[in-house]
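The values are calculated or read from the model by the stated rules, or taken from the named source; none is laboratory data. Computed from a predicted model, the values in this text were never measured in an experiment. Heads up, the Cβs are rebuilt from the backbone with ideal geometry, glycines too, and the neighbour counts pull from every protein chain shown.
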């Protein structure tokens, strides 16, 4: 459905239409992901942390690396990590030489849940071909230049 029909609004310029379309579509995708993730008990932010850890050597990373790589940069990363720890999806380890540095490690349970969530998201969020996805990614990267 066209954005004008969806919002019942006339846009003054193609740029205004594009910006509104990006914001609207972003929220639409976030809602679809939240619904898709519901059976896993994960929020999008929690899934993001598990994904970051999955991509690190030994599935371990310092808190600051996680904070820097989050898609949704939130101020209270400690609370997010504590929730994942309560669920048994991550473990915290202190650096033996510098007690201020905390490492976060993905547990086997966290890895399994992350993989299950990725399958759910891949199957149910949106249907674009690889070529369409590449074209969209290129346009979005141009916007952020």
Review point. Residue 9 fails exactly one of the following numbered conditions: (1) outside any helix (DSSP H, G or I); (2) out of contact with any strand residue (DSSP E or B) (no Cβ under 9 Å at 6 or more places or on another chain); (3) closer than 22 Å to residue 81 by Cβ. What is the number of that condition?
Key: (3)
Check your understanding: For the stretch 93-109, does any single residue satisfy the condition of being exposed (fewer than 13 other Cβ atoms within 10 Å of the Cβ), at pLDDT 95 or above and in a loop (DSSP other than H, G, I, E, B)?
Key -> no
Revision key, fill the gap. Apart from one, (1) at pLDDT 90 or above; (2) exposed (fewer than 11 other Cβ atoms within 10 Å of the Cβ); (3) within 29 Å of residue 25 (Cβ to Cβ) all hold for residue 57; the odd one out is (3)
**Study point:** Answer residue from the stretch 12-52, given it is within 27 Å of residue 122 (Cβ to Cβ) and not in a helix (DSSP H, G or I) and is nearest to the chain's Cα centre (by Cα) among those
**Key:** 43
Exercise for review: Collect the residues in the stretch 72-91 that are free of Cβ contacts under 8 Å to residues at least 24 places away in the same chain, in contact with a helix residue (DSSP H, G or I) (Cβ under 9 Å, 6 or more places away or on another chain) and either exposed (fewer than 12 other Cβ atoms within 10 Å of the Cβ) or under 19 Å from residue 43 (Cβ atoms) (or both), keeping them in residue-number order.
Suggested key: 73, 77, 78, 88
